Amino acid sequence: MKLTSPHTVPFRSRSQERGRALASLLFLVVLVLGSLGVVAFVFGAVVPVGHVGVRKIAFGPGQGLVARALEPGFHWTIPGYSTIYEIPQTIQIIDFARDSEANPGSFGSLDIPTVDGTTVDIDAAVLYRFYAREGAADGEQHGGAADLIREVGANDQQWRKYLSQVAENELKRSLSALSTAEFYDPSAREERVQAAQQQLRQLLAPIGIKVDAVLVRRYTYRAEIDQAIFKKNLQELESAYNKVAGEFAAAQRDVNKVETDGNVVIQNLDKQGISEAEQIRSEGDLYRREKMAQGSLLVAEARAAVDKMKSDVLAKVGSDVYVALQLAQSLASLKGGVVANVDPYDFDGWVRRLAGSAGIKSDGEASDAK
């Protein structure tokens, strides 16, 4: 029989106690770490390297986007109360390329109309990045990550869609000022590209986007497409021409009808005018004859009145006076010649001769007769 001291503990029992204590400690550590992990997962967010964070508070004091950007690392947050958005700080690319397989995410080539009517296909790229916070760069103010989320959106899809639309509009507006020949001139082409880049910087800087470069990689002329468009436009123009020609023919028929009706009306008016003119002329002739007859009558009456007045005068003053007046007129008409057997100073002889030739008795003969 083996004897042991009452003050000694078996070696196996002490090892088991240390194992149980270590296991308890390990369990406690795991429990604490797990609890911390759960708390961190629920109440925290990690901003990865190459990004900045923007905190958004849903309600209460400071509601809205916080302008101060969060550096990469762990940041506390409360579910339902605050959210952290991640904004990349590396260079991003908006690609306009015709080969979508070689350039995933491309928005397709840009069709640029030139000033002389040719269409050019452009492969281009826009290099850009996001500002972390508001400030000034190159002497100009710019927005930050909070402005980007407020104005455009909070995810990459929204940013790319917005940037592609703005870049396409500015590139088309700037490059469409070139002619077909000027696209072959590197200086003229690069000048228009730089103008588009400067305009993009002015438009995008206030919302926290920095445009680093605008690159034109390739340009080709779309002759076949232009020919197809030309044929389509020609067909549309021919259709429009035929429609207008039909409308013109109908209008011409109306014009001809109006012209024919007008000629008939003119002929009728001519005939009516001639008839009315003849009637007026006849009435005028009749009126003239009536007036002439009236005038002749008035002349005859006036002559009769004159003869009557002469008779009345002769009856009152005597025939000697009348004969003397007639003789005076005859003598006034003599400008020369020979008068035989007449004494030019014998006025009584002249009176007797003229009175005898006229069948008028002198005053003495008249007294003798009485």
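A short reminder: the numbers here are calculations on the coordinates, not readings from a lab. Note that the structure is predicted; figures quoted are calculated from it, not measured. Note that each Cβ is placed from the backbone with ideal geometry, even for glycine, and that neighbours are counted across all protein chains shown.
So the values come out like this:
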{"item": "Formal net charge of residues neighbouring GLY246 (Cβ-Cβ distance under 15 Å; K, R +1; D, E -1)", "result": "-1"}
{"item": "Packing rank of 95-103, 201-209, 261-269, 132-140, where each peptide gets the mean count of other beta carbons within 10 Å, highest leading", "result": "201-209, 95-103, 132-140, 261-269"}
{"item": "Cut-off 12 Å between beta-carbons: net charge of the residues surrounding GLY50, Lys and Arg +1, Asp and Glu -1", "result": "-1"}
{"item": "Region 113-138-region 166-207 distance, computed between alpha-carbon centres (Å)", "result": "7"}
{"item": "Net charge dipole size for region 224-301 [Lys, Arg +1 and Asp, Glu -1 on Cβ; Debye, nearest 20]", "result": "140"}
{"item": "Cα gyration tensor, region 224-301 - rounded (a/c under 1.5), prolate or oblate", "result": "prolate"}
